[in-house]
1. Can you find a residue in the range 98-109 that is modelled with pLDDT under 95 and crowded, with 19+ Cβ neighbours inside 10 Å?
2. Of all residues in the range 90-109, which are touching a residue at least 12 places away in the same chain (Cβ under 8 Å) and outside any loop (DSSP other than H, G, I, E, B)?
3. Restricting the search to the range 8-28, which residues are modelled with pLDDT under 95 and either closer than 19 Å to Val67 by Cα or part of a loop (DSSP other than H, G, I, E, B) (or both)?
4. Take the range 52-89 and flag every residue that is of a type in the set (Val, Ile, Thr) and either without any contact (Cβ under 8 Å) to a residue 60 or more places away in the chain or over 11 Å from Pro114 (Cβ atoms) (or both).
5. If I filter the range 64-79 for residues that are within 27 Å of Asp154 (Cα to Cα), assigned to a loop (DSSP other than H, G, I, E, B) and not assigned by TED's automatic domain parsing to the domain that holds Lys136, do I get at least one hit?
6. Of all residues being crowded, with 16+ Cβ neighbours inside 10 Å and polar (S, T, N, Q) in the range 128-151, which is nearest to Gly106 (Cα to Cα)? Just the residue, please.
7. Looking at (1) under 22 Å from Asp63 (Cα atoms); (2) of a type outside the set (A, V, I, L, M); (3) touching a helix residue (DSSP H, G or I) at 6+ places or on another chain (Cβ under 8 Å); (4) assigned to a helix (DSSP H, G or I), find the lone condition where His137 falls short.
8. Kindly indicate the residue of the range 29-57 that is at pLDDT 95 or above and among the hydrophobic types (A, V, I, L, M, F, W, C) and also surrounded by the fewest Cβ atoms within 10 Å (Cβ to Cβ) among those meeting that condition.
Amino acid sequence: MSESGSEGRQLIPIHVTVNGHAHDFDVEPHETLIELVRDRLGLIGTKKSCDMQVCGACTVLLDGRPVSACTMLAFEARNTHLLTIEGIADGEHLHPIQEAFIACSGFQCGFCTPGMILTTKALLRENPAPSEDEIKHYMRGNICRCTGYKRILDSIQDAARRLREETGHGA
């Protein structure tokens, strides 16, 4: 740990690659990953909601794994690759998962959608052709208060189909 500033706060240096771009930060031991993502990087697509790791709105992918950014400490992301919703598209070309959510109306207010899309990406990378029950099980940590889930399930199944057709496998 290094000291910084006249206050003598303990800071932890970290290196993290976010959406393909390398960053170096000095973070406080109590700083959460969502604070780093939203406040320092300005990537506000990651939503802050429950602060207790139960709703999934803050989901980001850390080395391809879905994690709750609201409870993970920023220093735990050192030397990793972090993907937020802002990094999933290829420029102006939407990712097939995003296209599927739009085509199937898998969102209403959109607050949970970034976390749903990133969790779907992790699911389809692990299982390119999940059953409805497998989708429900994998997505159990992502809560939507608007849609009733039917359209989200349809979106995920459509995304799986799109990815298989496009790549021959999952996300």
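The values are calculated or read from the model by the stated rules, or taken from the named source; none is laboratory data. Remember, predicted model here, so these are calculated numbers, not experimental data. Here the Cβ positions follow ideal geometry from the backbone for every residue, glycine too, while neighbour counts run over all protein chains shown.
1. For the range 98-109, residues modelled with pLDDT under 95 and crowded, with 19+ Cβ neighbours inside 10 Å: present.
2. Selection gives Pro96, Ile97, Gln98, Glu99, Ala100, Phe101, Ala103.
3. We begin by selecting, within the range 8-28, every residue modelled with pLDDT under 95; these are 8-10.
Passing the criteria: only Gly8.
4. Filtering the range 52-89 down to residues of a type in the set (Val, Ile, Thr) leaves 54, 59-60, 67, 71, 80, 84-85, 88.
Those that are of a type in the set (Val, Ile, Thr) and either without any contact (Cβ under 8 Å) to a residue 60 or more places away in the chain or over 11 Å from Pro114 (Cβ atoms) (or both): Val54, Val60, Val67, Thr71, Thr80, Ile85, Ile88.
5. Restricting attention to the range 64-79, the residues satisfying the condition of being within 27 Å of Asp154 (Cα to Cα) are 64-69.
Next, only the ones that are assigned to a loop (DSSP other than H, G, I, E, B) stay: 64, 69.
Cutting the leftovers down to not assigned by TED's automatic domain parsing to the domain that holds Lys136 gives us 64, 69.
Checking the range 64-79: at least one residue is within 27 Å of Asp154 (Cα to Cα), assigned to a loop (DSSP other than H, G, I, E, B) and not assigned by TED's automatic domain parsing to the domain that holds Lys136.
6. My answer is Thr147.
7. (3) is the only condition that His137 fails.
8. Ile44
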